[in-house]
Each structure stands twice: as structure tokens, then as C-alpha cells.
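Right, one structure below, let's go through it.
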Amino acid sequence: MEPLVFNTYSRDGIKIHYSEATDNKDYMAKSHEFLVLLMKEFARLSRLSYRPRLRADYFPYIYTERRLDSAVLPALSYICDGVVLTELPVERQGSLEDDTVHHGRVDYWCIYKGYTFVIEMKGTQAIFKGNKVSTREHSVKGRWRKMIEQLKNVEDDCRYNLLENTKGIIRLGLHFITSVADIEPNWDDIAEYRETIDERMERMRRDIAKRFNYKLDYTPNFAAAWLIPDDMISSNPDATYPGVMLFAKVFEDLPHENDD
């Protein structure tokens, strides 16, 4: 498994590390552009939710997927071409042992640069230092598996029931992972986290891939991290949140097909 190569974006108080596109195919280039924009907007909107003068300190990234949605949905609306649909009904194919069609929903549907994006999202936390509490590292891999399987079993429904006039359908898995330590901020630890963020992302990516025997469908092919600024870190005295990582799986694009 080739390691990812990372670039850095730093502007208007927002600093993001993100991986380069893994190949130059059009669907991958558009997906990579989409993901970088999404991470920038997620950081910007999370930053706007911090209003110390109003004593309104809200942090979408420290809670569950439902709270993440308060930043992700407007970010998608900003970067996409027109409407973003949430909780789109789909038919899910059963396993080889159970070929029953099940009804479900995908988290988001949108159009970007001529492609349909069908998106599942997960969110969890991972310890970067400190005492372990509640759900942490094991949840990363468990939720990653569920996300990938959700995207794999909607392939047929995407092909035959999404008939909009686009170049193709890109299934995209997003897993936001908030780094946390259950202690008050230690600035030496935070500095070390920031200096090693690329290595940390690559190590976590390899841990996920190893858990699934490096199967291509289960291996993240994009990673990014927003390094949370000092003032937002220090506003949480009982815990430290130094950054939010995003691991994504971009599936090969699917053609629109009509089975009539």
C-alpha cells in the first residue's frame, strides 16, 4: 500500500493538511477537489460556531454524527451545484446468503462538477493522549466497516434508479475522527500532535486497511486534518481537542443505467 502524500492549506486562521489525489482519472480528480473544499468549509463553519463574546461556544466536531451534520450539511450546500438531499431512500442488496432487498437511506445526495455524489457519513473520536473513556479507537474500525458495507450494497440501486443527467455516480464514504484527550490542554502535546499530523493520519489509515486485510474497497484513499486553533482548544478546559481528521473512501464511478 503506497503512502499518501500530503499538502498544507493555511489561510484566514484555518490550517488543513490533505492528501493528494491518488490518480488522475476525472472522477477521482473531481472527488479530491470536492473533499478538500468540504474540509475547508467544515473548518470555517466550525470556526464560526465559536462565539466567545456571545458566550456561545458550540463545537460540532465533539459530538455525534447528528451534531456533525450542523457543519457538514451547510458545507455541502455551499460547494455543490444546487440542492443537497438528506436521508435519500434507497434499496440495499442483501448478502450472498440473503438476497433479500432491504430499504434504507443514504445520508446525502448532491451534484458536484457534473457528477452525482451518494454519501454516507460516520463520526467518532480517537485518543491522542490521556485516559481512555467511552467509545474510541475500536469504534473507528467498526463504523468504517458499516459505512463501506452501506455503500457497497446500494450499487445496483444507484445504477438503475438515479437517472439524473450527470457523468456518473460516485459513492463516497466520509468518516470524521475527532482527536481527544480527557485532560486539560497540554501545549507540548498539542505541538507534537501538529508536527506529526501527517504521520498520524497515515498510521491510522494503515491501521484501518490492516484491519480489513488491505482490501481495496475498505482502504481509505483520502485523508485530511484540520488543526484546531489555540483559542478554541483552550475554551474546553476539561478536555483537549487538537484536530479533526477526515478519512474518505471514493469508489469508482458508476454509469447511470435504465433497466426498463
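On the stretch given as the range 16-30, residues that are surrounded by fewer than 18 Cβ atoms within 10 Å (Cβ to Cβ) and either more than 17 Å from the chain's Cα centre (by Cα) or of a type in the set (Gly, Ala, Ser) (or both) total 5. A residue that is part of a helix (DSSP H, G or I) and modelled with pLDDT of 95 or more occurs nowhere in the range 12-25. In summary, TYR58 fulfils each of the numbered conditions (1) of a type in the set (Phe, Trp, Tyr); (2) in contact (Cβ under 8 Å) with a residue 24 or more places away in the chain; (3) surrounded by fewer than 16 Cβ atoms within 10 Å (Cβ to Cβ) with the single exception of condition (2). Taken over the range 173-198, the residue count meeting the criterion of being under 21 Å from PHE42 (Cβ atoms) and of a type in the set (Gly, Ala, Ser) is 2.
Any chance you could count how many residues in the range 145-180 are buried (at least 23 other Cβ atoms within 10 Å of the Cβ), more than 30 Å from TRP226 (Cα to Cα) and aliphatic (A, V, I, L, M)? So the count comes out to 1. What about GLU257, is it touching a helix residue (DSSP H, G or I) at 6+ places or on another chain (Cβ under 7 Å) and more than 26 Å from ARG66 (Cβ to Cβ)? Here the answer is yes, as GLU257 does meet what is asked.
Step by step: first the residues of the range 103-157, then only those that are part of a strand (DSSP E or B) and more than 29 Å from GLY82 (Cβ to Cβ), then the one that is modelled with the highest pLDDT. Which residue is that?
Per the criteria, the residue is THR124.
If the condition is being among the hydroxyl-bearing types (Ser, Thr, Tyr), over 24 Å from LEU151 (Cβ atoms) and not in a strand (DSSP E or B), then the range 42-92 contributes SER46, SER49, TYR58.
Under 19 Å from ARG44 (Cβ atoms), out of contact with any Cys (no Cβ under 8 Å at 6 or more places or on another chain) and crowded, with 18+ Cβ neighbours inside 10 Å: is that true of THR240 in this structure? I'd like the intermediate steps shown before the answer.
Values: under 19 Å from ARG44 (Cβ atoms): no; out of contact with any Cys (no Cβ under 8 Å at 6 or more places or on another chain): yes; crowded, with 18+ Cβ neighbours inside 10 Å: yes.
Judged against the criteria, THR240 is not a match.
The values are calculated or read from the model by the stated rules, or taken from the named source; none is laboratory data. Everything numeric here is computed off the predicted structure, so don't read it as measured data. Quick reminder, even Gly has a Cβ in these numbers, built from the backbone with ideal geometry, and neighbours come from all protein chains shown.
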